[in-house]
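The values are calculated or read from the model by the stated rules, or taken from the named source; none is laboratory data. Just so it is clear, the structure is predicted and the values come from calculations on it, not from any experiment. Neighbour counts are summed over all protein chains in view; Cβ atoms, including those assigned to glycine, are modelled from backbone coordinates with ideal geometry. Just the protein is used for accessible areas: all its heavy atoms, side chains included, with ligands, DNA and RNA removed. Shrake-Rupley method; radii C 1.70, N 1.55, O 1.52, S 1.80 Å.
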Amino acid sequence: MSESAPPCDSELSTGERPWVLLVDDGELGDVKQIAEELGATTLRKTLASRDEDWRQPQRLLVVSDRRALTLGRPAAQEEDHFVTLAILDEGSCMLRNQVAEMGFDYVLERGVDRNVLRQLVWNALYRGPEQRCERRLPVGLPVTVRVGWKWSRAELADLTRTACSLRVDSPFGAPSRIEVELPRAIAPERPATVRGRVFRERLQVGDGSLMLSVAFSHTALTQARVDAALEALRAGPPPSTLD
């Protein structure tokens with residue numbers, strides 16, 4: 001990790017701001033585990049209001065749907081900016097829109113893939129020279145890809161305006177021309193195929209899968225389709241059960 005990544009000790013001194021603050025009634029254990037795996041100091045609270053023992057986090061605030069409705073999104077000074085994330089147990093469009101309108105940076109549903117949640121937490125925690133000027137949004141949805149005449153399945157791990165990452169089971173050979181059919185959950189207008197080039201392959205530590213980095217072609221059609229998908233992802237990735 002970079003020197004700007006979270007500290008590895010999990011004990012907070014009196015008055016110290018945690019890297020991650022979780023506000024819930026016991027639902028966010030998986031987020032706490034992910035944050036601690038990444039080395040972040042965490043604090044977990046059950047707050048009925050911000051008039052209670054509120055300690056503003058340094059990097060990330062995660063709240064359950066119930067606490068989001070109770071607390072709203074807390075204001076932060078620009079120099080103290082932290083990412084806000086609401087995780088909903090209920091898959092209601094009305095509830096999702098209601099929480100999103102409160103100003104949370106991300107609103108997720110409980111069905112989001114754990115790898116996607118981990119990437120989102122990492123993005124919020126990380127500060128350093130590799131912080132990209134483009135937002136890299138985690139996705140975690142299955143896609144169909146074509147190299148040459150061969151079609152196969154992959155997972156769209158993340159997406160930016162100029163590139164994406166694909167998780168696959170076997171190497172395609174780099175550099176390779178590739179077509180990616182964006183999933184319907186983030187690209188309802190069909191067809192939604194974008195073209196690009198595989199410029200890097202790397203083995204994922206842990207699960208042994210292969211990650212492909214794809215740079216998109218500089219065409220107006222590809223850019224328009226990618227921009228539409230990014231807009232659909234603006235408030236957070238959809239549940240992994242969608243396609």
| message | Could you work out how much longer the chain between A228 and S176 gets when fully extended? Use 0.36 nm per residue separation minus the Cα distance between them, nm to one decimal. | response | 16.2 nm
| request: With all protein chains present, calculate the accessible area of K45 using a 1.4 Å probe and round the result to the nearest 10 Å². | output: 50 Å²
| message | I'd like the FRET efficiency for R114 and H218, computed as 1/(1 + (r/R0)^6) with the beta carbon distance as r and R0 of 45 Å, rounded to 0.05. | response | 0.85
| remark: Listed by chain and number, the residues whose amide H is under 5 Å from that of A163, excluding neighbours fewer than 5 places away on the same chain and using placed H, are F216
| Label point distance in nm, R66-R190, each placed 7 Å from Cα along Cα→Cβ | 4.0 nm
| request: Collect residues whose amide H, placed 1.01 Å from N in the peptide plane, falls under 5 Å from the amide H of V63; neighbours closer than 5 in sequence don't count. | output: V23, L85, A86, I87
| query | So what J values fall out for region 108-117 if you push phi through Karplus, 6.51 cos²θ - 1.76 cosθ + 1.60 with θ = phi - 60°, rounded to Hz, Gly and Pro as x? | reply | 10, 9, 4, x, 5, 4, 5, 4, 5, 4
